[in-house]
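Coordinate-derived values only; no laboratory data. Keep in mind that this is a model prediction, so the values were computed, not measured. So basically every Cβ, Gly included, is an ideal-geometry build from the backbone, and we count neighbours across all protein chains shown.
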Amino acid sequence: MNRQLSDNCVDFINDDDISKLIASASEDEVRVREIIAKSMEKQPLTVEETAVLLAADSDELVEELFDAARELKKKVYGNRIVIFAPLYIGNKCINDCTYCAFRRSMRSTVRKTLNDDELFGQVAALEDAGHKRLILVFGEHPDYTPEYIADTVKQVYKVKSGKGEIRRVNINAAPMDSEGFKIVKDSGIGTYQIFQETYHHDTYNVVHPAQTHKGDYLYRLDGLTRAYEAGCDDVGIGALFGLYDWRFEVLGLVTHSWQLFNRFGCGPHTISFPRIRPAHGVELNDEYAVSDRDFKRLVAILRLAVPYTGMILTARETPEIRREVMEFGVSQIDAGTRVELAGYTNKDKQDERKEQFQIGDLRSLDEIMLDLIQHDYMPSFCTSCYRQGRTGEQFMEFAVPGFIQNFCTPNAIFTMAEYLEDYASDETKSAGMVLLQGEIAKLPQDKRIVVESQLKKIVNDGLRDIYM
Ligand code: SF4
């Protein structure tokens, strides 16, 4: 299957090197503490340094990793958690990934592609709940062309329900050639996500049959390089934990981050680390199942390794695990999630034949907002950077001292105030207003005056979509 690759495309994942790094790394307290000190300076870690952290397994050292990740998270992201929702557009697929309920050989899966009215209905339902940021998810199929995906994005932006609107649309879809990425980028997307699923070549070839499009390891690995070259400068990487050794996947993700950084001066915008979940018609092999303790370690270590990259924790996990893991560096979560096709308006019992996998957190957006607020997190629906053109390299917020105070915190306050005014339950609203006052009180006086006057326009004058 001869498909376009980027110029000078190389397979930058060397399985032997990564396996040797894992096998040769032994617990070294002194080294671990030196490396933690480096990441506390917000310096990204090398693959070798990350391997040293992966070898830290004693409770004492693991606690030190957790403490460091917590502190770095606060230092870089404050207490903000960005909120989004996934929207599955179509689950037709020509691939046959062994871990997926949407694989083509799964005859009992209910295939569906939202028509225009259904798309409108789903987006309106998400807006009526208070969402402002969506990720659209597509199987890989000739029907889901770049033009089709671009048109779907434009339709989503047109939906205005009540005071609602979607202000940022991200995409999770198959890799394309450069022309395809340009078409999708020009429709106004934010991040383009492509998960390698597993960076381990042999495992990749087992779970992705060779004769399928997704069976082409290098075409997929090169996908985001082609996307970046085509203008998609906010890209998202990810691995499906549970297919192979979690330590190998962590080093694969860090290697991929460095590849993008070295080539484009900017690492991935986000990293996702979903754990494999039960799915309709899928027999899970738990040989590489990731325990909760190791899951927390991988989140903390990724946080320390790539301080400048957003980390996405999805509703695959239970509320309890999400609460525990969030403090180790997560910056984005989905909320009020339904992965079933047309699931946001379906009041009936969930139908697993319409879901790619089963999710662990079925709480509503408002329940999750209240939970976050009660744990002193500030939920944010901010979309400002992408709309102000602060993307890719520009987004290196950490290079600009005070970036958080000047942009992120005020924007989080404004978008949260909108949510509390327009969508929150009474309980969430009263708890949220208390948190907002606390956040405003922490701002330097000059910033506080500006934020308070803007907030009055939102609360008293009903202005919406104020951002910096
Ligand atoms: S994981 Fe994606 S590409 Fe693979 S079968 Fe499922 S929907 Fe298709």
Roughly how big is the stretch 78-363's charge dipole about its Cα centre, with Cβ charges of +1 (Lys, Arg) and -1 (Asp, Glu), in debye to the nearest 20? 620
Please list the non-local residues whose amide H lies under 5 Å from the amide H of R80, H modeled 1.01 Å from N, same-chain partners needing a gap of 5 or more. M378
The chain, relative contact order [Cα under 8 Å, separation at least 6], %: 19
Tally Lys/Arg at +1 and Asp/Glu at -1 over every other residue whose Cβ is under 10 Å from the Cβ of C9; what's the total? -2
Within the stretch 78-363, percent of DSSP bridges classed antiparallel, to nearest 5: 5
Tell me, what is the percent relative contact order of the stretch 154-236, built from C-alpha pairs under 8 Å that lie six or more residues apart? 35
Taking a ≥ b ≥ c as the square roots of the Cα gyration tensor eigenvalues, with a/c under 1.5 meaning rounded and otherwise prolate when a/b beats b/c, else oblate, which class fits the stretch 78-363? rounded
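Which of the chymotrypsin sites (Phe, Trp or Tyr not before Pro) across the stretch 102-151 are loop residues per DSSP, with 13 or fewer other Cβ within 10 Å?
On the way: sites: F102, F120, F138, Y144, Y148; in loops: F102, Y144.
When the chymotrypsin sites (Phe, Trp or Tyr not before Pro) of the stretch 102-151 are filtered for loop state and at most 13 Cβ neighbours within 10 Å, nothing remains.
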Which part of the stretch 177-199 falls in the paramagnetic zone of D116, meaning amide N under 19 Å from the point 7 Å along Cα-to-beta-carbon? 187
